[in-house]
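Read through the structure below, which is laid out as structure tokens, and then see the notes.
A short reminder: the numbers here are calculations on the coordinates, not readings from a lab. Model, not experiment: these values are computed from the prediction. Glycine also receives a Cβ, built like all others from the backbone with ideal geometry; neighbour counts cover every protein chain displayed.
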Amino acid sequence: MPQLPEDIIDRLNQMERRIKALSTAVNTRPAVNEFRPAPSGSVTITRPLFRIFDGYNHEIFADDIMTGGLARPWLQLMPPLATDPAKWPSTTAPAFTTIARCMNPIWQPKMRLAVNTAASSGGTGQVRVLVDGVPFGPTVTAGITYDYLGLLPGDMKSRFGQTMVVEIQALASAGTVYAQPSLIHGAQT
């Protein structure tokens, strides 16, 4: 039995449904990764680069095809630190004074920072942390561990990949106050 041609209206309706379904599938979920060809130049790379971007076109993950592992984000590691409080950054100043400072890239919207604090025999004082000049977390009494997880100041979208300055400040009401960072890492919201 020969095939009879379908009614043109039915065929158009069916094609319209298929186009809507395709359009919906394409627009409901944007791509979360992007493959780019290898860079040209003196090095010939046969493996593809793998990059993942967030919704603001910030590169959040990249592989290192030259030696393996991660290219981005690169993760900072803390150096070994002195365990003797007498060798920690310290102050005898009666006003908040910066005793330690570091600079770190902004990769994540939150940061966790732990700082061991101590005071000399008979000493008292306080320790606080500033991020880009803005107080970050609580002010603690010397002898209590500062351990805080919180949002970084400023707009993450516009500051992604920029450098932030983390300062540990202390004041001594009496004697000497010591502070030594023991943990720092970024965190998600």
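In what sequence, highest mean first, do 16-23, 151-158 appear when ranked by Cβ atoms within 10 angstrom?
Most protected by this proxy first, the peptides run 151-158, 16-23.
Can you list the residues, at least 5 places off or on another chain, whose amide H is less than 5 Å from the amide H of Ala142, using H built in the peptide plane?
Gly125, Gln126, Val127
Under the Karplus relation 6.51 cos²θ - 1.76 cosθ + 1.60, θ = phi - 60°, what is the ordered set of whole-Hz ³J(HN,Hα) values for segment 180-189, x standing for Gly and Pro?
Working through the residues one at a time gives 9, x, 10, 7, 8, 7, x, 8, 7, 6 Hz.
From the square roots a ≥ b ≥ c of the eigenvalues of the alpha-carbon gyration tensor of segment 60-157, which class results: rounded (a/c under 1.5), prolate (a/b over b/c), or oblate?
On the way: a/c = 3.06, a/b = 1.82, b/c = 1.68.
The shape class here is prolate.
Please give me the summed charge of the neighbours of Asn104: other residues whose Cβ is under 14 Å from its Cβ, Lys and Arg +1, Asp and Glu -1. Can you show the working numbers first?
On the way: positive: Arg101, Lys110, Arg112, Arg159; negative: Asp132, Glu167.
Every neighbour counted, the sum reads +2.
If the cut-off is a Cα-Cα distance under 17 Å, which lysines reach Lys157, setting aside same-chain residues fewer than 8 apart in sequence?
Filter leaves Lys110.
Give, as a single signed number, the net charge of other residues whose beta carbon lies under 11 Å from the beta carbon of Tyr178, with Lys and Arg counted +1 and Asp and Glu -1.
On the way: positive: Lys87; negative: Asp84.
Counting the neighbours of Tyr178, the net charge comes to 0.
Can you work out the PRE-style zone for Ser173? Point 7 Å along Cα to Cβ, and I want the residues of segment 130-148 with backbone N under 19 Å.
138-146
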